[in-house]
Amino acid sequence: MDIDLRFEPVTKNRWGDFERLFGPRGAFYDCWCVALRLPRAVRAKMGPGERKSHMQGRIAVGPPPGILAYADDEPVAWVQVGSRHDVPQFNSPRTVSRPVEERDAHDPSFWAVSCFFLKSHLRGQGLSHRLLAGAIDHARRHGARYLEGCPIDHVKQSKSVTLCTGSTAIFDAAGFETVARRKDGRPLMRLDLRS
């Protein structure tokens, strides 16, 4: 199926579209895409409404924490992409996604693509490649030198919730290279956007 996609940064004016895409369950089990923004202990104490409010507040203050994909003016997908420092848990020393050098977590030229979400009826159709391409373009246009991700190699089900980080195959196809492997199946990958 060939779907025309248009990408737009998620700003406070697009909150309604973000909310509509995420639905009543906040995408993945009321996450509202705060998993990499807040420590687990903090998130665990928050109800779904608090997570939603947190993300709404983050979007309102800017800069955009990611991009929405639209098909026929309907929001159909989301990619969290922005400076590494905007997703603190992506940089935690205990995670497989932690930076190669600690300073990279604070360097505004190091960006991360850290979460994907597609409407369920569009999954399994190869759209993740196009979402990653949109994230690359967004990062490049906003001055990033490097874009990093920490995808997952294999899962038993292609629609597994663990694929919110993206699959290694789509990062490989986009030209990312593995810069660290701290756990089997979870490479830290990087794309040099200057070339």
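The values are calculated or read from the model by the stated rules, or taken from the named source; none is laboratory data. Keep in mind that this is a model prediction, so the values were computed, not measured. Cβ: placed from backbone, ideal geometry, glycine included. Neighbour counts: every protein chain shown.
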Checklist outcome for this item: For segment 99-110, the count of residues that are part of a loop (DSSP other than H, G, I, E, B) and either over 19 Å from GLN80 (Cβ atoms) or of a type in the set (Val, Ile, Thr) (or both) equals 2
Checklist outcome for this item: Filtering segment 1-26 down to residues that are part of a loop (DSSP other than H, G, I, E, B) and among the basic types (Lys, Arg) yields ARG25
Next on the checklist: One residue is enough: does segment 111-119 have a residue meeting the conditions of a type in the set (Ser, Thr, Tyr), buried (at least 16 other Cβ atoms within 10 Å of the Cβ) and part of a helix (DSSP H, G or I)?
Outcome noted: no
Checklist entry - Identify, please: which residue in segment 162-189 is without any contact (Cβ under 8 Å) to a residue 60 or more places away in the chain and in a strand (DSSP E or B) and is, among those, farthest from ARG130 (Cα to Cα)? => result ARG181
Checklist entry - Do we find a residue being within 23 Å of PRO9 (Cβ to Cβ), more than 12 Å from the chain's Cα centre (by Cα), among the aliphatic types (A, V, I, L, M) and in a loop (DSSP other than H, G, I, E, B) anywhere in segment 140-161? => result yes
Next on the checklist: Checking the condition touching a His at 6+ places or on another chain (Cβ under 7 Å), among the aliphatic types (A, V, I, L, M) and either within 20 Å of LEU147 (Cβ to Cβ) or part of a helix (DSSP H, G or I) (or both), which residue from VAL96, VAL81 passes?
Outcome noted: VAL81
Next on the checklist: Just the residues that are part of a helix (DSSP H, G or I) and surrounded by fewer than 16 Cβ atoms within 10 Å (Cβ to Cβ), please, taken from segment 27-49.
Outcome noted: PHE28, TYR29, ARG40, ALA41, VAL42, ALA44, LYS45, PRO48, GLY49
Checklist outcome for this item: When restricted to ILE67, ILE59, the only residue touching a residue at least 24 places away in the same chain (Cβ under 8 Å), surrounded by 15 or more Cβ atoms within 10 Å (Cβ to Cβ) and not in a helix (DSSP H, G or I) is ILE67
Checklist entry - Just checking, which of ARG43, ARG20 is on the phi < 0 side of the Ramachandran plot and in contact (Cβ under 8 Å) with a residue 24 or more places away in the chain? => result ARG20
Checklist entry - How many residues are of a type in the set (Lys, Arg), without any contact (Cβ under 8 Å) to a residue 40 or more places away in the chain and surrounded by 19 or more Cβ atoms within 10 Å (Cβ to Cβ) when one looks only at segment 70-97? => result 0
Checklist entry - Is segment 161-176 home to any residue that is surrounded by 21 or more Cβ atoms within 10 Å (Cβ to Cβ), under 21 Å from PRO63 (Cα atoms) and at pLDDT 95 or above? => result no
Next on the checklist: Just to be sure before I move on: is PHE116 closer than 19 Å to ASP172 by Cβ and touching a Ser or Thr at 6+ places or on another chain (Cβ under 7 Å) in the structure I sent?
Outcome noted: yes
